[in-house]
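A short reminder: the numbers here are calculations on the coordinates, not readings from a lab. This one's a predicted model, so the numbers in the text were calculated from it and none came from an experiment. A quick note on method: Cβ atoms are made from the backbone with ideal geometry, for glycine too, and the neighbour counts reach across all protein chains shown.
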Amino acid sequence: LTLADYKGKPSTLCPGCGHNVVSNQIQAAVFEMGLVPETIAKFSGIGCSSKSLNYFLGRSFGFNSLHGRMPNLATGASFADTSIKILGISGDGDTASIGLGHFKHLIRRNLPMIYLIENNGVYGLIKGQFSATTDYGLELKHQGKNLFPPLDLCLEALLSGATFVARTFSGDIRQLKELIKAAFAHKG
């Protein structure tokens, strides 16, 4: 296969958005590993991160779920076909708010899937509201000051028993790609 076989549709996300970087590095990682796109199923919830399913691995099956419910669909898919790799994409709003319980139970069940959280600390799709991961004391023009401590989703994953947890920044493209490859290679 060529790199073109791993691409998706052109992105409609904001130029310079970290979600576009993640999509590009998923493509690159899967291509470099020689994984066939049809052997990967993509799942997401609601938000900017969830739109990104369209922008990589266009030959893979994908499904956008209700807000916070991506882990439930991924669970069903992993039971239905154990030969496919499950890739879940979620944002901080989708995972740390309405989906937190589903996230924790998914980890507790130790399902064989990759769960990528694109955390920008704000509800980006609906513009400028604090999420549950927003830094304490952050001030936004229309929201004022965040008075709550942020949830640390990596710590939540570790406390729940996840067997592979990593944190990176979309600005560190090389590290991001290598961590995605490590996640696909991990046997938990």
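Which whole-angstrom value gives the distance between the alpha carbon centres of segment 41-93 and segment 110-174?
Segment 41-93 and segment 110-174 have Cα centres separated by 18 Å.
Under 18 Å from the Cα of Lys7, which lysines turn up, not counting those fewer than eight places away in the same chain?
Qualifying lysines at Cα under 18 Å: Lys42, Lys51, Lys85, Lys177, Lys181.
Pick from His102, His142, His19 the residue whose mean-square fluctuation is largest in a GNM of the chain, springs joining Cα atoms under 10 Å.
Its mean-square fluctuation being the largest, the pick is His142.
Round to the nearest 10 and give me the degree value, 0 to 90, for the angle of helix 18-33's Cα axis relative to the longest principal axis of the chain.
20 degrees
In cubic angstrom, how much convex hull volume per residue do the alpha carbon atoms of segment 3-69 span?
Expressed per residue, the convex hull around the Cα atoms of segment 3-69 is 81 Å³.
With N residues in the chain, what two-decimal value do you get for its Cα radius of gyration over 2.2 N^0.38 Å?
Values: Rg = 15.9 Å, N = 188, 2.2 N^0.38 = 16.1 Å.
Expressed relative to 2.2 N^0.38 Å, the Cα Rg reads 0.99.
For segment 109-121, in order, what is each residue's ³J(HN,Hα) by Karplus, 6.51 cos²θ - 1.76 cosθ + 1.60 with θ = phi - 60°, in whole Hz (x at glycine and Pro)?
7, 6, 6, x, 8, 9, 10, 9, 10, 8, 9, 10, x
Determine the sum of side-chain charges near Leu147: Lys and Arg each +1, Asp and Glu each -1, restricted to other residues whose C-beta is under 14 angstrom from that of Leu147.
After counting each charged neighbour, the total is -1.
Which percent, to the nearest 5, of DSSP beta bridges fully inside the chain are antiparallel?
Around 25 percent antiparallel, to the nearest 5.
For labels at Asn110 and Ser97 in the simple 7 Å Cα→Cβ model, what's the distance in nm?
The answer from the label model is 3.3 nm.
With labels modelled as points extended 7 Å from the Cα through the Cβ direction, what inter-label distance (nm, one decimal) is found for Phe164 paired with Leu138?
Each label point is offset 7 Å from its Cα along the Cβ direction, giving 2.8 nm.
Let's see if you can work this out: charge +1 on each Lys and Arg Cβ, -1 on each Asp and Glu Cβ, no other charges. What is the dipole magnitude of segment 116-188 about its Cα centre, in debye to the nearest 20?
200 debye
So if the hydrodynamic radius of segment 1-42 is defined as the Kirkwood radius over C-alpha pairs, what does Stokes-Einstein give as its diffusion coefficient at 25 °C and 0.890 mPa s, in µm² per second? Let's see the in-between values first.
Values: Rh = 11.1 Å.
Result for D is 222 µm²/s.
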